Amino acid sequence: MVVIYRQEILKDISLFTSQPVARFYDSLFFNLDLSFVKEYPKHGRRGFSSHSLICAFIVMKCEGFSMITDLVDYLNNNLIIAHYCGFDITKPLPSYWSFERFLKSFDHEELSSIMKDQVLFLSKKGIIDTSFIGLDSTPVAANTSQNNPKSFLSNKFSKTKHPTCDKDCKLGVHTASNQMNEKKFEFFWGYKSHVLVDCITGLPIYELTTTAEVYDSTVALEILAKTNDFLPVQECSFLADKGYDVKQIYNQIHSLYHGSCFIPINKRGTKNKKLLPIGNPVCEAGLAMNSDGLCHTANTTRHKYCCPYKYSHDENACPCHHKNYYNRKKHRGCIRWTTVPDDIRLSINRDSKYFKSNYALRTECERYNSRFKAAGQERMWVRNKNSVTNLCTITHICMLAIAIAAINTKSEISYRKMKTLKRSA
């Protein structure tokens, strides 16, 4: 009987895989700490190692695969990488159904603890810092034909026609580019990945996956609170787009975290009023309106302005003959109200160089979202929320693992350039 040793098998299969790629994954998994994650269940069948399955999904995200079938084919054709994941290559590798069951049933808290441990490691190394943090969300389309732009179903984005293949997804809306259609938005069925990013290094700090109907601003304070539990965000500079322009966010960051916000003003639902340099509004006749006192309420202070011909007895005094002037009352003319910037949200000078230079750092959120989508996360091919949540977290773990491997190997290449790091391994 001929005995084939494991070393000879590994020597033969290494010929079928690029050596830099093999060394890249060897270094990646060597610097990935999974010791505190349960490798096998306490009861029932032993099955495949949870550590090996997590490493396999990291390979899936590094290669940019969106479907599990692509991962299965890749591992079967690159057995040396399957060996680095921890699988016994002398036996059959996990099937599609094994990977799918793992995603659906694995506890997401354990994946969150892996990501938290990575963030703390990078923080101790002085890489990740919470001085400038940005929050943004990325749409994740569900695996349904109703998201297909070539689908001609009538009312496919109606709430009454929920996809039958994915009962967890919800109807959401996101901004569309000009190349898609002439509208400024488009609907989709799916989820959202909310990511808090270090705007200096471009690395994720905390993530939260929700269904698509959840507004971005409603989860911002929750994300900041959970981040502050393990990594303090005191005196931070919070950067976000105008979707987070909510008073509660400004007030809590200022009072609880003693930080500052760099968020553009959201002008939706407001009229474009003409104002003079001194702040007085201009009426429709082109005349400056007069101050008529302040009105104080529990939350805001408003300034009242009235028509310059308020006390005029001439019925034809209004140059534009506005309907409000002929009201048959003693006080004639139009009235305008302006909000006095006595709160934090309105007191920020968004035209200053200080605001613009700090807000420019928010582009790191967009860059990270691009890397997130390039990992195959733009559209899901699984059909439940737990699987989508686990895949999103594994993608963030993958990004952090690449940074840790680059730092521990003292590579001069940026820890954000995965392709360059893979070629130079």
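The values are calculated or read from the model by the stated rules, or taken from the named source; none is laboratory data. None of the values given here were measured: they were computed from a predicted structure. All Cβ positions, glycine included, derive from the backbone under ideal geometry; neighbour counts span all protein chains shown. What goes into the accessible areas is simple: the full protein's heavy atoms, side chains included, and nothing from ligands, DNA or RNA. Shrake-Rupley method; radii C 1.70, N 1.55, O 1.52, S 1.80 Å.
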So, over other residues within a Cβ distance under 15 Å of ILE68, counting Lys, Arg +1 and Asp, Glu -1, the net charge is +1
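Counting Lys +1, Arg +1, Asp -1, Glu -1, what net charge surrounds LEU239 among other residues with beta carbon under 14 Å of its beta carbon?
On the way: positive: LYS242, ARG350, LYS356, ARG362, ARG367; negative: ASP129, ASP136, ASP198, ASP216, ASP241, ASP245, GLU364, GLU366.
Within the 14 Å Cβ shell, the charges total -3.
Can you pull the percent of the stretch 32-168's accessible area that's carbon plus sulfur, 1.4 Å probe, other chains left in place?
On the way: 3690 of 7160 Å².
Carbon and sulfur atoms account for 51 percent of the accessible area of the stretch 32-168.
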Which residues qualify? For ASP168, with a placed amide H closer than 5 Å and at least 5 residues away or on another chain, they are LYS385
VAL37 versus ASP314, label points 7 Å from Cα toward the beta carbon: distance in nm? 8.1 nm
Along the charge dipole of the stretch 202-255, which of TYR250, LEU208, LEU221 sits closest to the positive end, that is, farthest toward it, with unit charges on the beta carbon of Lys, Arg, Asp and Glu (+1, +1, -1, -1)? TYR250
How much net charge surrounds THR144 when only other residues with a Cβ under 12 Å from its Cβ are counted (Lys, Arg +1; Asp, Glu -1)? +4
